[in-house]
Structures are given as structure tokens and as C-alpha cells.
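The values are calculated or read from the model by the stated rules, or taken from the named source; none is laboratory data. Keep in mind it's a predicted model, so treat the numbers as computed, not measured. FYI the Cβ positions are ideal-geometry reconstructions off the backbone, even for glycines, and counts take in every protein chain you see.
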Amino acid sequence: MSEDVFTPPIGEWYHPTEDVIEQAHIPDYEEVYREAVADPISFWAKRADTLEWHKLWDKVLDDSNPPFYKWFVGAQTNIVHNALDRHIKTWRKNKLALIWEGENGDKVTMSYWRLWQEVNKFANILRSMGVKKGDRVTIYMGRIPEIVVAMLACAKLGAPHNVVYGGFSEQALADRIEDAKSRVLVTCDGAWLRGKIVPLKDVVDEAVRRSPVVEHIIVVKRTGQPVNMEEGRDYWYHELAALPIAAPRCETEVVDAEHPLFLLYTSGSTGKPKGILHTHGGYQVYVSTTLEWAFDLKDDDRYWCAADPGWITGHSYIVYGPLILGATSILYEGAPNYPYPDRWWRIVENYGVTILYTAPTAIRGLMRFGEAWPQRHDLSSLRLLGSVGEPINPEAWRWFYNNIGSEQCPIIDTWWQTETGGFMICPLPSVSLKPGSATRPFPGIVADVVREDGTSCEPGEDGLLVIKTPWPSMLRTIWGDDKRYVEQYWSKFKEQGWYLTGDTARKDEDGYFWIIGRNDDVIKVSGYRLGTAEVESGLVSHKAVAEAAVIGVPDEVKGSVIYAYCILRNGYSGSAELMQELKNHVRHEVGAIAVPEKIEFVATLPKTRSGKIMRRVLRAQALGQPLGDLSTLEE
Ligand code: WTA
């Protein structure tokens, strides 16, 4: 059963205007799709040719050992060469790479030249701390320019970064440091959010106490409140940057196309988060192609992806994609409605944003405040809008389309995952839209909706979303766990060699895909991906809780919220205080996004005879729906 109860509406068409089609990079989707699927090898080789390589590949795709696919085998490259080094030799040297606005009104702009220099300095500092090719560096920061600089600096040295979203707590951070075994960590003193300081360095101190593999911590000063600095371990970035070691020149390490670029931990169906591994070569080809074609990125655009750099959306479409294309990006630190609900619209107006890429939960959140807020601002610079993270309900789609895009801007609804690295199902601007559908697969991607036995579903029939052929930015493995990689994604349709996405979807008569939601134990809360098991282990780590089960329940703004059911240990009884204490506990163990909306104390949990919790029974109960087949229920 799917996590979200989302019923797609029947087709309602939005056709792009002549104008949009005329200026699009790809005016005819059908033709390019056919070409790509007929000969994926030459298609991807041609795309790779748009980038610079230190040595060209011997082979585009090595599929001799599935599912361990390799792309651009034998090629030598570094994604930072394509994202920065090559631009500073052209007119783009003077172009703005980054426009940053702090929540408190601070502003920073960086040309490609300046960003390149900052990255070089940072890389030299990392190198002076012993970071070399292959070493993992953990990054735990707010949305400030230095997070982009730090990521690129790692990549430049061939040191895979491990960015942990700044909303995660001590334990979540500690687990990710431990799994990645990173000796060096980059953080900042704090970040501004809703007018308050999020004390990131305090969280780091506690995480490092729990995971003592970290030897050096670089601290960027953002908020300026006093923080604990441990002699010999912690260093202020601005002090290091003033030393001769921080020279503004640093050679970019040339690496193999298959060299690890980053690990990014994400939730799966067991408690342990998975370190998804991406590599330099295939990833750079895929993220730049998808961004250029789907968002039709041009040199005069001001592009704003409002996600956090700490998630895959930020990695692919704030950092690497836009920089490879030489684009100008906006980065904003804080909350969308601070100090007033028009903060985002003010940013669009002030900077003349042309492309805005965000998430349904943010749209629904801002929709609540009414049309008057966007109407106060001139949003006419916008030409394209985008959505990601969960299905966009048609009501939010139309609000976004009418009130933000003035009925002129196509909405590019992009379906993809941390694992896929880039957009998999999404329209190009020239494609006709249906609100709520991510439309059709990107050129080169073969997607289908199938039954348990692998046969294709009929139009309108729900099934499992699979990807049938490899693509350049696919995950290469789960860090340190090849076995889990094979099991999780490739064992269900082993014979066929298909990638299992974990989503339920349906196709309509026009071949349009409608994503229904997850069919595993993953919940999307405000677009953030969480495993039920992670939240449950957070709850049972409290002394009062013997057993816990959590489910996702539909919510108008957040998409889903978490309900938790707890069995208490002997000697404890359920109270409002305990409920609050458990919420605080989860906030510390996992993070604010994992805090249950509701906690219920129960005497038993519905389980199968083999002891597996039947979450669908809990969900049906919570929603007041029929309980369904209970024959496997233990009692
Ligand atoms: C969901 C985020 C519907 C889906 C890039 C997927 C979506 C999971 C969409 C991956 C969309 C993402 N429409 N559902 N446009 N985009 N999803 O790894 O369930 O954080 O499997 O990557 O988000 O979440 P992740």
C-alpha cells in the first residue's frame, strides 16, 4: 500500500505557448526521446562531449557486471573542472555564479572568478589538514555560500563529501560521521532561521563526542554567538583563510570518471540510513543535461532552486548542475515566511528571478497566507516554475500556476530520487502538462509501471515504478554495503535487471506518469524523506518506551505527518508530560522533521505472526478506513 492517499484527477491539459516552444532547447520531445532510447550509447556520448575531459573514455557504458554499472570507463576528469576551472578562462569569469541573501538581510554575491578563488583557498586548507583523494569529509552547515564552497573544495581534491542536512540532530549526525569514517568536519557556528539562531556547532560537539573519529573541525563564522572551540581540534575558517597555506590557487585533482564524488545518506526501510554513492563522470553529464533541457537554462537566467544544499536537490540543482552550465543561482538562508509571508516573492522581485524550483509543501505553506502577498510584488520576470519531492496536488499546482506564474509559466514537475542523481520523469518546457502528473521520462530513461510479476500495468492501473535501463547518474552502491545495494534495488526484478524505485505509480492513456507515493516504509514529511524505522528507534531509545510503531498520515500542508504508537515499559504511564518529553527526545535523536505530530500510548501493536508490525492496520485505523484483510494478524 502506498504511504500517501493521493487520487490523481483525470486529464486536464495545459499547452505551452508558441513562445515557450520556440525558445526551448528541445522543441520536440518525442523526437529526442526516440533517438535517445534507440541508441543510448551515442546519445550519452554526445551529451558527454559538451563537457571537458582530461582523457576521453574507452567505453561509454560497462554493463558486464550488473547491477554494478560503470559509465565513461577509462575517462579522466573532475566535476569541478567543468563547474569552475573552465569558466574562469572565458567571459564567465566575470559572471555572477551565486547571489546569496541571509535571512537577516546580509548579502553576498560571487562571480565565477571569486567562487573559484574561494574554493581554491578552502581546498588548500583541507589539504593542509591532511585531506587527500578518497578521504570523506562531513559537512554540516546552514544555507550559506560557504557550504557550496566547502563541497566544491572537497570535490576538487577528489575527497568525497558527506553533507548532512542542518536539520538533523546529534545522533543522526554522529551515525553519518561514523558510517563514512570522516576525520574532518566542516560546520558553522549557527544559522538564522525564523529570526533565531540554530546552534549548529553545539550539535556538532555532541555528535563528535558520540563519534570520535573526527580529528579536525573547521568552523565558519556566520551568526557570531559564543561557541565552544576545542584547542587543537576546532579552527575558525576566517583565521585559517588568513594564513599563507590558504593560497587562492589549487590544482584540481584529476580523477577517474568512476571516482566517488559524494555520499549522501538517505532513509530506507530499515533503521540504518544508506550512504548513496555518486561519482564524478556520469553524474556531471546527467545533471547538466537534465537541468539544461528541463529548465531550459540560458545564460541570462537568474535561477533559484529553493531547496537546501544538504539534500540531493541541492547537490544536483543548486551546486553542480547550475555551475557546470555557468548559470547564475540564488541562495537564500532562511524561512519562506520570515519576517512576512512575502519573503520569497520579494526575493523574486528584487533579483529578477526567471526560474523558481521548489517543493509542493512550500507552495501549500505559502498558499495558506493568500494571494495578496504575491500580488504585492512584480513577479513578471518568472518564465518557468518547478516542483519536486512529492506529488503536487492539482490545487497547489493551479495556485502556483495562476498566482506565481501568471498563467504563463510551465510547471516542471520533476520526479526523481537521491539514488537517481537527477530528474527521471519530468516535462521539458515544450511538453503539454497535466496538473499533478510528472508527465513522461527524460530522454534516455526507460520507465514503466509493472505488477508484482513484472508484467506492465494497464493504463490507470496502480503498480510498481521501475527503471528498465541504466543511466549515467545512477547510484553506484550503498557506501560499504554492496549487498544491501543489490537487495534493495535490484533483487525484486533480478531476471529483468530493472531498478526498483520504491514508488507506486500509474500511467494514463497518454503515457503520462502519475506518482502515487512510496510503497515501502519511507514517509515524506514536508518533502523530507524519513524511514519509519529511524523514528521508531529514536522513540525506543527513550527509557520509558518498550516498543514503537510510526506511520505517515496525509496532511494538507506537509503532505504527510507522523503518528506514533508506543508501548510503555512497566512502571511508566502515559501522560501529556511524557508525550512532550518523547517529542523532545525524537528532536534530539533524529531531528525536528522527525517529531511525531501525534503520539498515542497503546497496550499492543498489530503484528503478523512473524512479528512484523502491520502499519497498514494502524494507518487504516487512524484514517477511519476499513481495516482490510486481517488474516495474517497475530491476535
Ligand atoms: C518522491 C528527492 C512525486 C518519491 C528528489 C521519491 C516525488 C522520493 C517527486 C525521493 C515528484 C520526488 N512527484 N513524488 N515530482 N519527486 N518524489 O530521495 O516518492 O529525497 O521516491 O529525492 O520523493 O526522495 P528523495
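Observations
- Qualifying positions in the stretch 223-271 - within 16 Å of the ligand (Cβ to nearest atom) and within 20 Å of Asp85 (Cα to Cα): Phe262
- The listed residue being more than 30 Å from His585 (Cα to Cα), among the aliphatic types (A, V, I, L, M), touching a Pro at 6+ places or on another chain (Cβ under 7 Å) and surrounded by 21 or more Cβ atoms within 10 Å (Cβ to Cβ), out of Val148, Val131: Val148
- Single residue of the stretch 588-618 satisfying the filter (among the basic types (Lys, Arg) and at pLDDT below 95) that is surrounded by the fewest Cβ atoms within 10 Å (Cβ to Cβ): Arg609
- Matching option when the condition is within 12 Å of the ligand (Cβ to nearest atom) and over 29 Å from Val431 (Cα atoms), among Ile593, Ile567: Ile593
- Residue within the stretch 183-192 that is among the aromatic types (Phe, Trp, Tyr) and crowded, with 24+ Cβ neighbours inside 10 Å present: no
- Look at the stretch 443-462: where a residue is touching a residue at least 12 places away in the same chain (Cβ under 8 Å) and within 30 Å of Ser288 (Cα to Cα) and a partner is part of a strand (DSSP E or B) and of a type in the set (Ser, Thr, Tyr), sitting 6+ places away or on another chain with Cβ atoms under 9 Å, you get Ala447/Thr501; Asp448/Ser456; Val449/Ser456; Val449/Thr504; Val450/Ser456.
- Any hit, the stretch 335-348, residues being more than 16 Å from the ligand (Cβ to nearest atom), among the hydrophobic types (A, V, I, L, M, F, W, C), surrounded by fewer than 22 Cβ atoms within 10 Å (Cβ to Cβ) and over 30 Å from Lys93 (Cα atoms): yes
For (1) of a type outside the set (Gly, Ala, Ser); (2) more than 30 Å from Glu419 (Cβ to Cβ); (3) free of Cβ contacts under 8 Å to residues at least 24 places away in the same chain, each residue gets a yes or a no:
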site	(1), (2), (3)
Ile324	yes, no, no
Tyr332	yes, no, no
Leu356	yes, no, no
Arg368	yes, yes, no
Gln375	yes, yes, no
Gly386	no, no, no
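- Of all residues in the stretch 529-543 being over 11 Å from Gly271 (Cβ atoms) and surrounded by fewer than 23 Cβ atoms within 10 Å (Cβ to Cβ), the one that is farthest from the ligand (Cβ to nearest atom): Lys543
- Taken over the stretch 47-88, residues that are of a type in the set (D, E, K, R), part of a strand (DSSP E or B) and in contact with a Leu (Cβ under 9 Å, 6 or more places away or on another chain) amount to 1.
- Check on Trp293, aromatic (Phe, Trp, Tyr) and over 17 Å from the mean Cα position of the chain (by Cα): yes
- Once the stretch 370-399 is narrowed to residues that are touching a strand residue (DSSP E or B) at 6+ places or on another chain (Cβ under 9 Å) and among the charged types (D, E, K, R), the residue that is farthest from Thr504 (Cα to Cα) is Arg383.
- Matching helices (runs of 4 or more DSSP H) fully within the stretch 530-635 where at least 3 residues are of a type in the set (Val, Ile, Thr), touching a residue at least 60 places away in the same chain (Cβ under 8 Å) and under 29 Å from Trp397 (Cβ atoms): none
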